[in-house]
Amino acid sequence: MTGSSRSRHGGNVVALCGGIGGAKLALGLSKVIADERLVVAVNTGDDFEHLGLHISPDVDTVTYTLAGIANPETGWGRADETWNFMESLGRIGGETWFQLGDRDLALHVERTRRLRAGDSLSEITADMRARLGISARILPMSDDPVRTHVETDAGPMPFQNYFVERKCEPELRSIRFVSAQSARVQPDVARALGNSDLRCVIICPSNPYLSVDPILAVGAMRELLRQTRAPVVAVSPLVDGQTVKGPMSKIMREQDLEARHATIARHYDDVIDGLMIDSSDDQIPNHISTTVEDTMMHSLDDKVRLARHVLAFADEISAGRELPQARRA
Ligand code: FO1
(Lines give C-alpha, C1' and ligand atoms only; values in the text may rest on other atoms or scores of the structure.)
Protein backbone atom coordinates (compact mmCIF):
# COMPACT_ATOMS: atom_id res chain seq x y z
CA MET A 1 0.00 0.00 0.00
CA THR A 2 1.37 3.36 -0.75
CA GLY A 3 1.49 5.78 2.13
CA SER A 4 -1.43 6.19 4.51
CA SER A 5 -4.66 4.39 3.74
CA ARG A 6 -6.51 7.60 4.67
CA SER A 7 -8.37 8.77 1.61
CA ARG A 8 -6.40 11.42 -0.19
CA HIS A 9 -9.54 12.84 -1.75
CA GLY A 10 -9.20 15.92 0.42
CA GLY A 11 -5.50 16.23 -0.30
CA ASN A 12 -3.73 18.75 -2.47
CA VAL A 13 -3.26 18.22 -6.17
CA VAL A 14 -0.27 19.70 -7.96
CA ALA A 15 -0.68 20.23 -11.71
CA LEU A 16 2.41 20.94 -13.83
CA CYS A 17 1.24 23.12 -16.68
CA GLY A 18 2.56 24.97 -19.73
CA GLY A 19 0.58 26.96 -22.21
CA ILE A 20 -2.75 26.55 -23.88
CA GLY A 21 -3.30 22.77 -23.84
CA GLY A 22 -2.25 22.44 -20.22
CA ALA A 23 -4.36 25.42 -19.16
CA LYS A 24 -7.50 23.66 -20.45
CA LEU A 25 -7.01 20.73 -18.08
CA ALA A 26 -6.05 23.12 -15.26
CA LEU A 27 -9.44 24.81 -15.79
CA GLY A 28 -11.21 21.44 -15.58
CA LEU A 29 -9.30 20.59 -12.40
CA SER A 30 -10.16 23.98 -10.87
CA LYS A 31 -13.86 23.11 -11.24
CA VAL A 32 -13.42 19.76 -9.47
CA ILE A 33 -10.91 20.50 -6.73
CA ALA A 34 -11.94 22.82 -3.91
CA ASP A 35 -10.26 26.17 -3.47
CA GLU A 36 -6.57 26.28 -2.73
CA ARG A 37 -6.16 22.50 -2.79
CA LEU A 38 -5.25 22.84 -6.46
CA VAL A 39 -1.70 24.10 -6.99
CA VAL A 40 -0.94 24.88 -10.64
CA ALA A 41 2.84 25.08 -11.15
CA VAL A 42 3.38 26.95 -14.41
CA ASN A 43 6.28 27.04 -16.88
CA THR A 44 8.17 30.34 -16.94
CA GLY A 45 10.82 29.29 -19.47
CA ASP A 46 8.85 31.20 -22.14
CA ASP A 47 9.19 34.43 -20.16
CA PHE A 48 11.09 37.21 -21.87
CA GLU A 49 11.78 40.93 -21.81
CA HIS A 50 9.97 42.61 -24.70
CA LEU A 51 9.36 46.33 -25.34
CA GLY A 52 10.86 46.91 -21.89
CA LEU A 53 8.18 44.67 -20.31
CA HIS A 54 8.56 41.34 -18.49
CA ILE A 55 6.19 38.95 -20.27
CA SER A 56 5.14 35.66 -18.61
CA PRO A 57 3.03 34.02 -21.35
CA ASP A 58 2.17 30.68 -19.74
CA VAL A 59 1.42 32.23 -16.34
CA ASP A 60 -0.94 34.66 -18.09
CA THR A 61 -2.55 31.95 -20.24
CA VAL A 62 -3.31 29.87 -17.14
CA THR A 63 -4.53 32.91 -15.18
CA TYR A 64 -6.82 34.18 -17.96
CA THR A 65 -8.09 30.65 -18.65
CA LEU A 66 -8.96 29.95 -14.99
CA ALA A 67 -10.61 33.39 -14.79
CA GLY A 68 -12.69 32.59 -17.86
CA ILE A 69 -11.43 35.64 -19.76
CA ALA A 70 -8.95 34.00 -22.14
CA ASN A 71 -9.33 34.59 -25.88
CA PRO A 72 -11.29 31.49 -26.97
CA GLU A 73 -9.86 31.50 -30.52
CA THR A 74 -6.14 31.76 -29.73
CA GLY A 75 -6.07 30.39 -26.18
CA TRP A 76 -3.61 33.15 -25.22
CA GLY A 77 -4.28 36.83 -24.40
CA ARG A 78 -7.70 38.10 -23.38
CA ALA A 79 -11.20 37.87 -24.81
CA ASP A 80 -12.93 41.07 -26.03
CA GLU A 81 -9.58 42.65 -26.72
CA THR A 82 -8.82 45.91 -28.56
CA TRP A 83 -5.54 46.55 -30.39
CA ASN A 84 -5.00 50.33 -30.34
CA PHE A 85 -1.61 50.04 -28.66
CA MET A 86 -0.29 47.58 -31.27
CA GLU A 87 -1.67 49.69 -34.12
CA SER A 88 0.04 52.84 -32.82
CA LEU A 89 3.22 50.93 -32.03
CA GLY A 90 3.36 49.63 -35.63
CA ARG A 91 2.94 53.16 -36.98
CA ILE A 92 5.94 54.43 -35.04
CA GLY A 93 8.14 51.52 -36.10
CA GLY A 94 7.86 49.41 -32.95
CA GLU A 95 8.07 45.60 -32.93
CA THR A 96 4.61 44.12 -33.51
CA TRP A 97 5.41 40.40 -34.04
CA PHE A 98 4.34 39.68 -30.45
CA GLN A 99 0.72 40.83 -30.16
CA LEU A 100 -0.16 42.61 -26.92
CA GLY A 101 -3.82 43.61 -26.61
CA ASP A 102 -4.80 46.79 -24.78
CA ARG A 103 -6.34 44.98 -21.80
CA ASP A 104 -3.53 42.41 -21.69
CA LEU A 105 -0.98 45.23 -21.74
CA ALA A 106 -2.11 46.47 -18.30
CA LEU A 107 -0.99 43.17 -16.74
CA HIS A 108 2.47 43.33 -18.34
CA VAL A 109 2.97 46.97 -17.33
CA GLU A 110 1.88 46.34 -13.71
CA ARG A 111 3.92 43.12 -13.42
CA THR A 112 7.01 44.88 -14.77
CA ARG A 113 6.55 47.79 -12.31
CA ARG A 114 6.18 45.42 -9.36
CA LEU A 115 9.14 43.23 -10.36
CA ARG A 116 11.28 46.37 -10.56
CA ALA A 117 9.96 47.35 -7.11
CA GLY A 118 11.26 44.00 -5.78
CA ASP A 119 8.06 41.91 -5.66
CA SER A 120 8.42 38.25 -6.68
CA LEU A 121 6.65 36.74 -9.67
CA SER A 122 4.81 34.51 -7.16
CA GLU A 123 3.48 37.48 -5.15
CA ILE A 124 2.38 39.31 -8.27
CA THR A 125 0.71 36.21 -9.74
CA ALA A 126 -1.06 35.46 -6.42
CA ASP A 127 -2.45 39.01 -6.33
CA MET A 128 -3.59 38.87 -9.95
CA ARG A 129 -5.41 35.53 -9.58
CA ALA A 130 -7.07 36.69 -6.33
CA ARG A 131 -8.27 39.90 -8.01
CA LEU A 132 -9.66 37.77 -10.84
CA GLY A 133 -11.57 35.60 -8.35
CA ILE A 134 -9.56 32.43 -8.97
CA SER A 135 -9.44 30.10 -5.95
CA ALA A 136 -6.79 27.69 -7.27
CA ARG A 137 -3.20 28.63 -6.52
CA ILE A 138 -1.25 29.62 -9.63
CA LEU A 139 2.49 29.54 -8.99
CA PRO A 140 5.48 29.99 -11.28
CA MET A 141 7.72 26.91 -11.33
CA SER A 142 10.41 29.14 -9.81
CA ASP A 143 10.88 32.77 -8.82
CA ASP A 144 14.38 32.55 -10.25
CA PRO A 145 14.73 33.33 -13.96
CA VAL A 146 14.80 30.31 -16.31
CA ARG A 147 14.86 30.87 -20.07
CA THR A 148 14.14 28.40 -22.85
CA HIS A 149 16.51 28.79 -25.79
CA VAL A 150 16.46 26.70 -28.94
CA GLU A 151 19.31 25.73 -31.24
CA THR A 152 18.04 25.65 -34.84
CA ASP A 153 19.39 25.41 -38.38
CA ALA A 154 18.95 29.23 -38.41
CA GLY A 155 21.17 29.52 -35.31
CA PRO A 156 20.37 29.87 -31.58
CA MET A 157 17.38 31.98 -30.51
CA PRO A 158 15.22 32.71 -27.47
CA PHE A 159 11.98 30.74 -27.31
CA GLN A 160 9.48 33.44 -28.35
CA ASN A 161 11.56 34.42 -31.38
CA TYR A 162 11.39 30.79 -32.49
CA PHE A 163 7.79 30.05 -31.44
CA VAL A 164 6.03 33.33 -32.35
CA GLU A 165 8.29 35.49 -34.50
CA ARG A 166 9.57 32.62 -36.69
CA LYS A 167 6.40 30.47 -36.21
CA CYS A 168 8.54 27.39 -35.45
CA GLU A 169 9.76 27.33 -39.10
CA PRO A 170 13.48 26.87 -38.28
CA GLU A 171 14.52 23.25 -37.88
CA LEU A 172 14.88 22.47 -34.19
CA ARG A 173 18.25 20.98 -33.24
CA SER A 174 18.13 21.17 -29.40
CA ILE A 175 16.44 22.95 -26.51
CA ARG A 176 18.21 24.51 -23.50
CA PHE A 177 16.72 25.81 -20.26
CA VAL A 178 19.19 28.47 -19.22
CA SER A 179 19.77 28.66 -15.43
CA ALA A 180 17.22 25.91 -14.69
CA GLN A 181 19.73 23.88 -12.68
CA SER A 182 20.49 26.73 -10.27
CA ALA A 183 16.85 27.91 -10.09
CA ARG A 184 14.96 26.94 -6.91
CA VAL A 185 11.58 25.22 -7.14
CA GLN A 186 8.97 27.76 -6.03
CA PRO A 187 8.77 27.14 -2.25
CA ASP A 188 4.99 26.53 -2.05
CA VAL A 189 5.23 24.07 -4.95
CA ALA A 190 8.07 22.25 -3.19
CA ARG A 191 6.04 22.22 0.05
CA ALA A 192 2.94 20.86 -1.70
CA LEU A 193 5.00 18.10 -3.34
CA GLY A 194 6.55 17.16 0.01
CA ASN A 195 3.25 17.25 1.91
CA SER A 196 2.06 13.85 3.16
CA ASP A 197 -1.56 14.58 2.21
CA LEU A 198 -0.66 15.16 -1.45
CA ARG A 199 -3.33 13.34 -3.49
CA CYS A 200 -1.49 13.27 -6.82
CA VAL A 201 0.64 15.19 -9.29
CA ILE A 202 -0.77 15.72 -12.77
CA ILE A 203 1.40 16.60 -15.77
CA CYS A 204 -1.05 18.47 -18.02
CA PRO A 205 -1.15 17.89 -21.80
CA SER A 206 1.27 20.67 -22.69
CA ASN A 207 4.15 20.23 -25.10
CA PRO A 208 6.54 17.92 -23.17
CA TYR A 209 9.67 19.30 -24.89
CA LEU A 210 8.90 23.02 -24.85
CA SER A 211 6.54 23.50 -21.90
CA VAL A 212 6.88 20.64 -19.39
CA ASP A 213 10.61 19.91 -19.63
CA PRO A 214 11.54 23.41 -18.35
CA ILE A 215 9.45 22.70 -15.22
CA LEU A 216 11.12 19.29 -14.73
CA ALA A 217 14.53 20.91 -15.25
CA VAL A 218 14.18 23.36 -12.34
CA GLY A 219 16.55 22.57 -9.45
CA ALA A 220 15.27 19.70 -7.30
CA MET A 221 11.95 19.26 -9.17
CA ARG A 222 12.67 15.78 -10.54
CA GLU A 223 13.91 14.67 -7.11
CA LEU A 224 10.74 16.00 -5.44
CA LEU A 225 8.61 14.09 -7.96
CA ARG A 226 10.55 10.89 -7.43
CA GLN A 227 10.33 11.19 -3.66
CA THR A 228 6.61 11.83 -3.34
CA ARG A 229 4.44 8.88 -2.25
CA ALA A 230 1.58 10.26 -4.29
CA PRO A 231 1.06 9.02 -7.85
CA VAL A 232 2.35 11.16 -10.71
CA VAL A 233 0.18 10.86 -13.81
CA ALA A 234 0.55 12.57 -17.18
CA VAL A 235 -2.01 13.16 -19.91
CA SER A 236 -0.49 12.53 -23.33
CA PRO A 237 -0.80 15.63 -25.53
CA LEU A 238 -1.04 13.47 -28.67
CA VAL A 239 -4.49 12.76 -30.07
CA ASP A 240 -5.03 10.23 -32.87
CA GLY A 241 -1.26 10.12 -33.22
CA GLN A 242 -1.27 13.78 -34.21
CA THR A 243 -0.64 16.83 -32.06
CA VAL A 244 -3.64 18.71 -30.81
CA LYS A 245 -2.16 22.16 -31.39
CA GLY A 246 1.19 23.76 -31.86
CA PRO A 247 4.25 22.40 -33.58
CA MET A 248 4.59 19.15 -31.64
CA SER A 249 4.69 16.70 -34.55
CA LYS A 250 7.24 18.89 -36.38
CA ILE A 251 9.43 19.06 -33.25
CA MET A 252 9.15 15.31 -32.71
CA ARG A 253 10.05 14.63 -36.34
CA GLU A 254 13.05 16.96 -36.11
CA GLN A 255 14.22 15.05 -33.03
CA ASP A 256 13.67 11.72 -34.81
CA LEU A 257 10.93 10.83 -32.34
CA GLU A 258 7.88 8.83 -33.39
CA ALA A 259 4.68 10.82 -32.66
CA ARG A 260 3.06 8.13 -30.50
CA HIS A 261 2.05 7.74 -26.85
CA ALA A 262 4.94 5.35 -26.15
CA THR A 263 7.37 8.17 -26.97
CA ILE A 264 5.64 10.39 -24.40
CA ALA A 265 5.70 7.54 -21.84
CA ARG A 266 9.44 7.05 -22.31
CA HIS A 267 10.01 10.79 -22.14
CA TYR A 268 8.44 10.99 -18.68
CA ASP A 269 9.54 7.50 -17.66
CA ASP A 270 11.60 8.50 -14.62
CA VAL A 271 8.87 10.58 -12.99
CA ILE A 272 5.44 9.15 -13.88
CA ASP A 273 3.43 6.20 -12.58
CA GLY A 274 0.61 6.54 -15.08
CA LEU A 275 -0.15 7.92 -18.54
CA MET A 276 -3.60 8.75 -19.87
CA ILE A 277 -3.83 8.17 -23.63
CA ASP A 278 -6.59 8.51 -26.23
CA SER A 279 -5.80 5.19 -27.94
CA SER A 280 -3.85 2.17 -26.79
CA ASP A 281 -0.17 1.81 -27.63
CA ASP A 282 1.44 -1.57 -27.00
CA GLN A 283 4.94 -0.10 -26.83
CA ILE A 284 4.31 1.62 -23.47
CA PRO A 285 6.65 0.19 -20.80
CA ASN A 286 4.82 -2.19 -18.41
CA HIS A 287 5.78 -0.32 -15.24
CA ILE A 288 3.73 2.67 -16.40
CA SER A 289 -0.01 2.23 -15.82
CA THR A 290 -2.18 3.43 -18.69
CA THR A 291 -5.81 4.32 -19.13
CA VAL A 292 -7.52 5.10 -22.43
CA GLU A 293 -9.89 8.09 -22.49
CA ASP A 294 -11.09 10.68 -24.97
CA THR A 295 -8.60 13.46 -24.19
CA MET A 296 -9.89 16.09 -26.62
CA MET A 297 -11.06 19.19 -24.74
CA HIS A 298 -13.42 21.51 -26.63
CA SER A 299 -16.15 22.44 -24.13
CA LEU A 300 -15.89 23.19 -20.43
CA ASP A 301 -17.71 19.88 -19.86
CA ASP A 302 -14.90 18.10 -21.73
CA LYS A 303 -12.33 19.74 -19.45
CA VAL A 304 -14.23 18.85 -16.28
CA ARG A 305 -14.84 15.28 -17.49
CA LEU A 306 -11.16 14.80 -18.30
CA ALA A 307 -10.17 16.27 -14.91
CA ARG A 308 -12.44 13.78 -13.14
CA HIS A 309 -10.99 10.87 -15.15
CA VAL A 310 -7.39 11.88 -14.44
CA LEU A 311 -8.08 12.19 -10.69
CA ALA A 312 -9.88 8.82 -10.65
CA PHE A 313 -6.93 7.26 -12.50
CA ALA A 314 -4.47 8.68 -9.97
CA ASP A 315 -6.64 7.58 -7.02
CA GLU A 316 -6.78 4.07 -8.51
CA ILE A 317 -3.00 3.92 -8.69
CA SER A 318 -2.51 5.20 -5.14
CA ALA A 319 -5.28 3.11 -3.60
CA GLY A 320 -4.98 -0.17 -5.44
CA ARG A 321 -1.48 -0.76 -6.62
CA GLU A 322 2.01 -0.60 -5.24
CA LEU A 323 3.94 2.32 -6.73
CA PRO A 324 6.13 0.86 -9.48
CA GLN A 325 9.56 0.00 -8.08
CA ALA A 326 11.12 1.61 -11.14
CA ARG A 327 10.11 5.10 -10.04
CA ARG A 328 11.60 4.70 -6.61
CA ALA A 329 15.00 3.95 -8.09
N1 FO1 B 1 1.44 33.51 -29.35
C2 FO1 B 1 1.48 33.76 -30.69
O3 FO1 B 1 1.57 32.80 -31.48
N4 FO1 B 1 1.45 35.03 -31.18
C5 FO1 B 1 1.38 36.12 -30.38
O6 FO1 B 1 1.36 37.25 -30.86
C7 FO1 B 1 1.30 35.90 -28.96
C8 FO1 B 1 1.17 36.97 -28.06
C9 FO1 B 1 1.03 36.67 -26.68
C10 FO1 B 1 0.82 37.70 -25.77
C11 FO1 B 1 0.69 37.42 -24.41
C12 FO1 B 1 0.75 36.11 -23.97
O13 FO1 B 1 0.58 35.84 -22.67
C14 FO1 B 1 0.94 35.05 -24.88
C15 FO1 B 1 1.08 35.33 -26.24
N16 FO1 B 1 1.27 34.31 -27.16
C17 FO1 B 1 1.34 34.56 -28.50
C18 FO1 B 1 1.33 32.92 -26.75
C19 FO1 B 1 2.69 32.50 -26.25
O20 FO1 B 1 3.74 32.97 -26.99
C21 FO1 B 1 2.74 30.98 -26.25
O22 FO1 B 1 1.47 30.47 -26.04
C23 FO1 B 1 3.56 30.41 -25.12
O24 FO1 B 1 4.73 31.10 -24.90
C25 FO1 B 1 3.82 28.95 -25.48
O26 FO1 B 1 2.96 28.19 -24.75
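The values are calculated or read from the model by the stated rules, or taken from the named source; none is laboratory data. On a predicted model such as this, the values are computed, not experimentally measured, just so you know. Cβ sites come from the backbone with ideal geometry, for glycine too, and all protein chains shown count toward neighbours. In case anyone asks, the SASA skips ligands and DNA or RNA and just uses the protein heavy atoms, side chains included. Shrake-Rupley method; radii C 1.70, N 1.55, O 1.52, S 1.80 Å.
Here are the numbers:
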quantity	calculated
Distance between modelled label sites at residue 35 and residue 226, nm, 7 Å Cα→Cβ extension	3.6 nm
Accessible area per residue in Å² at 1.4 Å probe, computed on the stretch 171-261	40 Å²
Nitroxide proxy distance, nm - points 7 Å out along Cα→Cβ at residue 157 and residue 302	3.0 nm
Residue with peak Gaussian network fluctuation, the chain [Cα springs, cutoff 10 Å], from 84, 195, 71	84
For the chain, built as a Gaussian network whose Cα springs stay under 10 Å, the top-fluctuating residue of 98, 177, 48	98
Pair-distance profile P(r), taking every C-alpha pair of the stretch 38-192, with 10 angstrom steps and integer %	10, 36, 37, 15, 1
Built amide H within the under 5 Å cut-off of residue 40, gap 5+	15, 137, 138, 139
All-pairs Cα distance distribution in the stretch 19-108, expressed in whole percent, bin size 5 Å	3, 14, 22, 22, 18, 11, 6, 3, 1, 0
Carbon and sulfur %, accessible surface of the stretch 3-319 computed with the full protein complex present, 1.4 Å	48 percent
Two-decimal Rg/Rh across the stretch 85-149, once Rg and the Kirkwood Rh are taken from alpha-carbon atoms	1.04
Percent of beta bridges antiparallel (DSSP, the stretch 3-319, rounded to nearest 5)	40 percent
Potential lengthening between residue 293 and residue 84 on full extension [0.36 nm per residue; Cα-Cα distance subtracted]	70.9 nm
Cβ-Cβ FRET estimate between residue 135 and residue 259, R0 fixed at 51 Å, reported to 0.05	0.90
Cα-based Rg and Dmax for the stretch 3-319, where Dmax is the largest Cα-Cα distance (Å)	18.8, 64
Residue-averaged 222 nm ellipticity for the chain, from DSSP H runs of 4+ at -39500 (n - 2.57), nearest 500	-10500 deg cm²/dmol
The stretch 156-306 - Debye-derived log10 I(q)/I(0), Cα point model, q = 0.15 Å⁻¹	-0.89
Length gained when the stretch residue 179-residue 283 is fully extended (0.36 nm per residue, less Cα-Cα span)	34.0 nm
Gaussian network model of the chain, Cα within-10 Å springs - most flexible of 261, 287, 298	298
